[in-house]
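Read the structure below first, then the notes.
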Amino acid sequence: MKNIFNVLVIFFLSFTILIGQSATPNDWYYGSPGEGYNGISMRKAYADFLKDKKTRTVVVAVIDSGIDIEHEDLADNIWINPGEIPNNGIDDDKNGYVDDVHGWNFIGGPDGQNVGVDTYEATRVYGSLKYKYENATVANLTKAQKKEYDIFIRAKETVEKEREKAKSKIIQLELVESKVMTSLNDLEKALEGKSFTQENVENIESSDNQSLTMAKNIAIQYLSTSEVKSIDGIKSVIKSEIAQDKNPAQSKLEMAYNPDFDPRKTIVKDNYADPTEKYYGNNNVEGPDPLHGTHVAGIIGAVRNNNLGMDGVAPNVKLMSIRAVPDGDERDKDVANAIRYAVDNGATVINMSFGKGFGTHKDLVDEAVKYAAKKDVLLVHAAGNSAQDNDVIENFPNATFEKKSGFLCKKRGIAKNWIEVGALSYKDGEDAAAPFSNYGAKGVDLFSPGMKIYSTMPNSEYAQLQGTSMASPVVAGVAATIRSVFPALTAEQVKEVIMSSVTPLTQDVKMPGSKTDKINFSKLSVSGGIVNLEKALLIASKMKGKKKINEVKA
């Protein structure tokens, strides 16, 4: 058994979303294609096209987990509601939301509490239909009931599968803990009262004892690299680390995949059954864990050229924080209200880095998307990280409007103010598509950098993260830049510009989710390419806008 400590490290880090630092530069996607990486030509766009260009301020709404609005690289670009007087307890602008200075929190309560962990949509579907179909006789169901029953079965299978995976993870970690504790006990006995030093540990003969060999390796690692200098100390550290690794699995069992768990009732206290209800929540736009939203916000609009951290894509932007995404699946009512809030309060681009496999109340979201279209607002959405074909397996929310009755729906058109974004890798050649990214020749519009993306983190920190969640705000930043320079262009025109200006990739790449199957990159999305800021601006400059706009004053 070679270096069991490293095996433990894999367990300890198995759930982390942070990506270790590597030789890949933090600004790898700023460059142009052909300069070592498939970048978005951001650096060239700023050096050439955007140099000395007049820009208008564009408000971008970030519907997410919350934003650290005091971050050193974000604070100057956080949206401030001009009609609201901070912290006076009055709805000064009479928009229905008291003290919404920087946005709104639709998953907060009137007493200041906030939803952290929530269930997944599959859990809610399973819980809501269980009473109806748990013991149903399929042969006796009507055609409509059979369709609803199929949804119930899919949700049930998802919940049961995930609960079993969580249980298995806990058992696995408990087994690791048991073996490590036993081996450390063996080491303590083998020392026979001698002091716990690296020399004494190395001198213990263990060639025929795997447990003792494992304990020696662990002890030597700690003695040579940490301040822990006792066996009891090592035990304490390892127990603590394993307990932390068990938390996500325990959370899934107790909350995310538990049909009886519902923080909504005790925290938000809205009438969840009323889809028309809009005025609930609170003004805490950071929430208990703004990590995800803060990272997304930085990609779009971290302050440029301030010698801090990194530069956002957009040049003249204000970031509106709308909290609607918990640790779990967002709820359609909150998403719909978040979109409407963003539209009503001046956002012209909305980033939505979230998604789920079930859409219980998609009609609410569809109506909000249509409302955004009427108000000329562009929606940018992450395609998802399940390495699935979105043309075959639905991912919610999406651009397809549906006429809905209960859990059943029929397709009724496509939103023209919506851009669906897949994730591009920092690698080239056959590894160009991020291995986790969803795709779709019809359902995903284009790809954008989504791996090793360096951006802002809570408490004025920075890190690399990955996901279509990171790819979407790159495109939102490009859209905001276009709207900032060419305000006469409509949301549909901005989408047209972005789609027609992609850098095409025509090589065969590994199918996301597979190590062997190949597909031509051009078949992974509608456009067949990756977003390109410089080309988009050049094309936009030749397009006649359909909106009447007053001239920008110097």
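The values are calculated or read from the model by the stated rules, or taken from the named source; none is laboratory data. Every value quoted in this text rests on a predicted model; they were computed, and no experiment measured them. We place every Cβ from the backbone using ideal geometry, glycine too, and count neighbours over all the protein chains shown.
Looking at (1) part of a loop (DSSP other than H, G, I, E, B); (2) touching a strand residue (DSSP E or B) at 6+ places or on another chain (Cβ under 9 Å); (3) β-branched (Val, Ile, Thr), can you tell me which one residue 322 breaks?
Every listed condition holds for residue 322 apart from (1).
Hey, residue 261 hits all of (1) buried (at least 16 other Cβ atoms within 10 Å of the Cβ); (2) closer than 19 Å to residue 101 by Cβ; (3) among the aromatic types (Phe, Trp, Tyr) but one; which does it fall short on?
(2)
Where residues in segment 118-156 are assigned to a helix (DSSP H, G or I) and among the small types (Gly, Ala, Ser), which of them is farthest from the chain's Cα centre (by Cα)?
Ranking the qualifying residues of segment 118-156, first place goes to 139.
Of all residues in segment 40-71, which are more than 18 Å from residue 106 (Cβ to Cβ) and of a type in the set (Ser, Thr, Tyr)?
Result: 41, 46, 55, 57.
For (1) of a type in the set (Ser, Thr, Tyr); (2) buried (at least 23 other Cβ atoms within 10 Å of the Cβ); (3) touching a helix residue (DSSP H, G or I) at 6+ places or on another chain (Cβ under 7 Å), each residue gets a yes or a no:
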| site | (1), (2), (3) |
| --- | --- |
| 445 | no, yes, yes |
| 450 | no, yes, yes |
| 455 | yes, yes, yes |
| 462 | yes, no, no |
| 470 | no, yes, yes |
| 479 | no, yes, yes |
| 482 | no, yes, yes |
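Which of the residues spanning segment 233-270 are in contact (Cβ under 8 Å) with a residue 60 or more places away in the chain and hydrophobic (A, V, I, L, M, F, W, C)?
Result: 238, 242, 249, 253, 255, 256, 261, 267, 268.
Exactly one condition in (1) on the phi < 0 side of the Ramachandran plot; (2) in the same structural domain as residue 281 (by TED's automatic domain parsing); (3) not in a helix (DSSP H, G or I) is false for residue 66; which is it?
Among (1) on the phi < 0 side of the Ramachandran plot; (2) in the same structural domain as residue 281 (by TED's automatic domain parsing); (3) not in a helix (DSSP H, G or I), the lone unmet condition for residue 66 is (1).
Quick one: which helices (runs of 4 or more DSSP H) lie wholly within segment 193-305 and hold at least 3 residues that are under 30 Å from residue 118 (Cβ atoms) and touching a strand residue (DSSP E or B) at 6+ places or on another chain (Cβ under 8 Å)?
The helices (runs of 4 or more DSSP H) meeting that bar are 291-301.
Out of 309, 293, I need the residue that is at positive phi and either buried (at least 24 other Cβ atoms within 10 Å of the Cβ) or in contact with a Phe, Trp or Tyr (Cβ under 6 Å, 6 or more places away or on another chain) (or both). Which one?
Result: 309 is the single residue among 309, 293 that is at positive phi and either buried (at least 24 other Cβ atoms within 10 Å of the Cβ) or in contact with a Phe, Trp or Tyr (Cβ under 6 Å, 6 or more places away or on another chain) (or both).
Just checking, does segment 465-476 include any residue being on the phi > 0 side of the Ramachandran plot and within 14 Å of the chain's Cα centre (by Cα)?
Yes: segment 465-476 contains one or more residues that are on the phi > 0 side of the Ramachandran plot and within 14 Å of the chain's Cα centre (by Cα).
Out of 332, 311, I need the residue that is under 19 Å from residue 119 (Cα atoms), of a type in the set (Asp, Glu) and in contact (Cβ under 8 Å) with a residue 12 or more places away in the chain. Which one?
None of the others qualify; the one that does is 332.
Exactly one condition in (1) within 25 Å of the chain's Cα centre (by Cα); (2) surrounded by 15 or more Cβ atoms within 10 Å (Cβ to Cβ); (3) modelled with pLDDT of 95 or more is false for residue 254; which is it?
For residue 254, the exception is condition (2).
Per-residue answers, yes or no, for (1) in contact with a Ser or Thr (Cβ under 8 Å, 6 or more places away or on another chain); (2) on the phi > 0 side of the Ramachandran plot; (3) outside the structural domain of residue 330 (by TED's automatic domain parsing); (4) surrounded by 24 or more Cβ atoms within 10 Å (Cβ to Cβ):
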{"residue": "32", "(1), (2), (3), (4)": "yes, no, yes, no"}
{"residue": "43", "(1), (2), (3), (4)": "yes, no, no, no"}
{"residue": "59", "(1), (2), (3), (4)": "yes, no, no, no"}
{"residue": "81", "(1), (2), (3), (4)": "no, no, no, no"}
{"residue": "91", "(1), (2), (3), (4)": "no, no, no, no"}
{"residue": "106", "(1), (2), (3), (4)": "no, no, no, yes"}
{"residue": "110", "(1), (2), (3), (4)": "no, no, no, no"}
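Checking the structure you have, find out if any residue of segment 518-536 is free of Cβ contacts under 8 Å to residues at least 12 places away in the same chain, surrounded by fewer than 12 Cβ atoms within 10 Å (Cβ to Cβ) and of a type outside the set (D, E, K, R).
No, the conditions are met nowhere in segment 518-536.
Run residue 273 past the list (1) in contact with a helix residue (DSSP H, G or I) (Cβ under 9 Å, 6 or more places away or on another chain); (2) farther than 23 Å from residue 99 by Cβ; (3) in the same structural domain as residue 89 (by TED's automatic domain parsing) and report the number of the one that doesn't hold.
(1)
Would you mind finding the one in 225, 182, 213, 197 that is among the hydroxyl-bearing types (Ser, Thr, Tyr), assigned by TED's automatic domain parsing to the domain that holds residue 236, more than 22 Å from residue 242 (Cβ to Cβ) and within 46 Å of the chain's Cα centre (by Cα)?
Residue meeting the stated conditions: 197.
Looking only at segment 271-299, which residues are free of Cβ contacts under 8 Å to residues at least 12 places away in the same chain and not small (Gly, Ala, Ser)?
271, 274, 276
Looking for something in contact with a Lys or Arg (Cβ under 9 Å, 6 or more places away or on another chain), under 22 Å from residue 275 (Cα atoms) and in a loop (DSSP other than H, G, I, E, B) - is there at least one such residue anywhere in segment 404-417?
Yes, segment 404-417 has at least one match.
Before we move on, is residue 231 surrounded by 19 or more Cβ atoms within 10 Å (Cβ to Cβ) and either farther than 30 Å from residue 162 by Cβ or not assigned by TED's automatic domain parsing to the domain that holds residue 184 (or both)?
Here the answer is yes, as residue 231 does meet what is asked.
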